[in-house]
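A quick write-up on the structure given underneath.
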Amino acid sequence: MRARVTTVAAGLVLAMAGLSAVGAQSWRQSSLAAFDEVWQTIHDTYYDPTFGDLDWKAVREEFRPRVEAAVSGQDVREIIREMLARLGQSHFMLIAPSTTSGLRGDAHVAIDVRLIGRDVVITRVDADSAASTAGLVPGQIIRRVGEEPASRWFEAAVGPNERVRATDTLARAAAALSGPVGSPATLVVAGADGERTVQVARERERGQVVQFGNLPPLVVRVESAEHATPGGRRAGVIVFSMWMPAAAAKIDAAIDEFRAADGLILDLRGNPGGIVEMMRGVAGHLIDEEVSLGRVQTRAATLELRVNPRRSTRDGRTVTPFAGPVAILVDELTGSASECFAGSLQSLGRVRVFGRTTMGQALPAATRKLVTGDILMHVLGDFVTPSGTRLEGQGVEPDEVVPLTVADLRAGRDRTLEAALAWIDRAPRLP
């Protein structure tokens, strides 16, 4: 979900009018069993046995009677989610079966959006898409989707702080923009030429659809292109949407393509993370030593992630890791493994980070299928960078902060990329 934010929210109501007494008893028993399993799983696996001074047993005593009194499976889900929120950590989620992360269908309006102040602004439009044909362009402010005013997304957003509420606002916008394939979406947008209404067909997200564990289907994309710096140097820009094995070979090929370039730029804006183990191999394209990338602390052990230097290609050629300047682009939707990667290489002094502070959601997690068919995502450990910096709740602070503005978007400018290209000009040229 590169820039199309999704949120994990239940979309299936298990208790419906007309259920028999036996049916009602069945869902109630399974919901109680699911609640108990969630509580016990966290009790047994959460990395901090003190739960951050939260009395986890008292939490069970508080919430279980509410589950017993619930009138539907959906109510139970909301109660469980409220219980998970008490932990105050990322990567605790409850995913309903057969839902796609709170979306209303498996298609979307082919745009990326971000918040600028109290506006939901289009930041990117897929080329050759229905959205592009309909006249949607970066810099337009979304006022309404169908009958939903954008103001409603801000009003309904929940979370313990402004950062989390902003992410939830974007998730609600993404839900409004989603729907069945081919379904029309009516958008009211405000641009440089005033306000207008646009109707656009929803499309499937482009890329390779992969299934990972118990999670809903994910879309993986890898894109690369050569850019010229202001001083005429060559820079390879690589964008990938998630840290998934399906992307590994294409990332390897892209880095190999730019091995002789003057600099590399890894664009992780909107990348929500994935498999943290992949950090070792990607970092091995940039570092020729088995140095630490950070530590994962579980309840039972400390796991150190070390660079895996890449001294040969997939087709057997001997190479050396890229030794030139490397920039990483991040923003408020850069999360999880992407944050760990950027923060780790930043602390090692191997990269320079450009953009805006990342999500601050950097805890290793696992999934478990419950008796109801719901999927529990739960935290297993804490992560710190090689310098001992904890990213959870803080995020990665860029070396060069580059604000996002409507004026730049309307002018077709990507100032974050421009800043990285200009820095490559200032960096020492490779022998």
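For G88, the requirement of being more than 26 Å from Q211 (Cα to Cα) and in contact (Cβ under 8 Å) with a residue 40 or more places away in the chain is met. For region 387-429, a residue qualifies if it is within 30 Å of G191 (Cβ to Cβ) and not aliphatic (A, V, I, L, M), and the qualifying residues are P398, E400, P403, T405, D408, R410, G412, R413, D414, R415, T416, E418. Taking residues in region 247-267 that are within 16 Å of V351 (Cα to Cα), and partners anywhere that are basic (K, R) and open to solvent by 10 Å² or more (accessible area, probe 1.4 Å), the pairs with Cβ atoms closer than 6 Å and at least 6 places apart or on different chains are A261/R234; D262/R233; D262/R234. If the condition is being among the hydroxyl-bearing types (S, T, Y), out of contact with any helix residue (DSSP H, G or I) (no Cβ under 9 Å at 6 or more places or on another chain) and either surrounded by fewer than 17 Cβ atoms within 10 Å (Cβ to Cβ) or not in a loop (DSSP other than H, G, I, E, B) (or both), then region 114-165 contributes S132, T133, S151. Against the condition hydroxyl-bearing (S, T, Y) and open to solvent by 80 Å² or more (accessible area, probe 1.4 Å), how does T302 come out, does it pass? Criteria not met by T302.
Is it the case that some residue within region 361-379 is surrounded by 22 or more Cβ atoms within 10 Å (Cβ to Cβ) and modelled with pLDDT of 95 or more? The answer is no; no qualifying residue exists.
Within region 306-324, restricting attention to residues that are small (G, A, S) and outside any strand (DSSP E or B), the residue that is surrounded by the most Cβ atoms within 10 Å (Cβ to Cβ) is G324. Residues in region 400-424 that are open to solvent by less than 40 Å² (accessible area, probe 1.4 Å) and closer than 27 Å to P321 by Cβ: T416, L417, A419, A420, L421, A422, I424. Selection within region 43-67: residues that are on the phi > 0 side of the Ramachandran plot and of a type outside the set (A, V, I, L, M, F, W, C). The member of this set that is modelled with the highest pLDDT is D53.
Remark: A131 matches the filter, which requires a residue to be small (G, A, S), in contact with a strand residue (DSSP E or B) (Cβ under 7 Å, 6 or more places away or on another chain) and within 29 Å of F212 (Cβ to Cβ).
Count of region 24-42 residues, restricted to those that are hydrophobic (A, V, I, L, M, F, W, C), at pLDDT 90 or above and surrounded by 15 or more Cβ atoms within 10 Å (Cβ to Cβ), is 6. Here A411 passes the criteria (1) in contact with a strand residue (DSSP E or B) (Cβ under 8 Å, 6 or more places away or on another chain); (2) closer than 30 Å to T229 by Cα except the one numbered (1). Does I375 count as in contact with a Lys or Arg (Cβ under 9 Å, 6 or more places away or on another chain), among the aliphatic types (A, V, I, L, M) and within 30 Å of S31 (Cα to Cα)? Considered against the rule, which asks whether it is in contact with a Lys or Arg (Cβ under 9 Å, 6 or more places away or on another chain), among the aliphatic types (A, V, I, L, M) and within 30 Å of S31 (Cα to Cα), I375 comes out as yes.
Counting the residues of region 102-113 that are at pLDDT below 90 and either crowded, with 21+ Cβ neighbours inside 10 Å or more than 23 Å from E205 (Cβ to Cβ) (or both) gives 1. Find all pairs meeting these conditions: Cβ atoms under 6 angstrom apart; at least six residues apart or on different chains; first residue within region 331-349 and touching a residue at least 24 places away in the same chain (Cβ under 8 Å) and open to solvent by 10 Å² or more (accessible area, probe 1.4 Å); second residue basic (K, R) and outside any helix (DSSP H, G or I). From residues that are touching a residue at least 24 places away in the same chain (Cβ under 8 Å) and open to solvent by 10 Å² or more (accessible area, probe 1.4 Å), the pairs are E332/R356. Per this entry, A261 is counted among residues that are touching a strand residue (DSSP E or B) at 6+ places or on another chain (Cβ under 8 Å), part of a loop (DSSP other than H, G, I, E, B) and of a type in the set (A, V, I, L, M).
If you filter region 380-394 down to residues that are touching a Pro at 6+ places or on another chain (Cβ under 7 Å) and not in a loop (DSSP other than H, G, I, E, B), you find that the one that is surrounded by the most Cβ atoms within 10 Å (Cβ to Cβ) is F383. Among the residues of region 266-281, those identified as open to solvent by less than 20 Å² (accessible area, probe 1.4 Å) and under 20 Å from A365 (Cβ atoms) are L268, G270, N271, G273, M279.
Note on region 166-187: among residues that are more than 18 Å from T123 (Cβ to Cβ) and in a strand (DSSP E or B), the one that is least open to solvent (accessible area, probe 1.4 Å) is G179. Restricting region 197-214 to residues that are in contact (Cβ under 8 Å) with a residue 12 or more places away in the chain and over 26 Å from the mean Cα position of the chain (by Cα), the residue that is least open to solvent (accessible area, probe 1.4 Å) is V198.
The values are calculated or read from the model by the stated rules, or taken from the named source; none is laboratory data. Predicted model only: the values in this text are computed from it and were never measured. A quick note on method: Cβ atoms are made from the backbone with ideal geometry, for glycine too, and the neighbour counts reach across all protein chains shown. Ligands, DNA and RNA are excluded from the accessible area calculation, which covers all protein heavy atoms including side chains. Shrake-Rupley method; radii C 1.70, N 1.55, O 1.52, S 1.80 Å.
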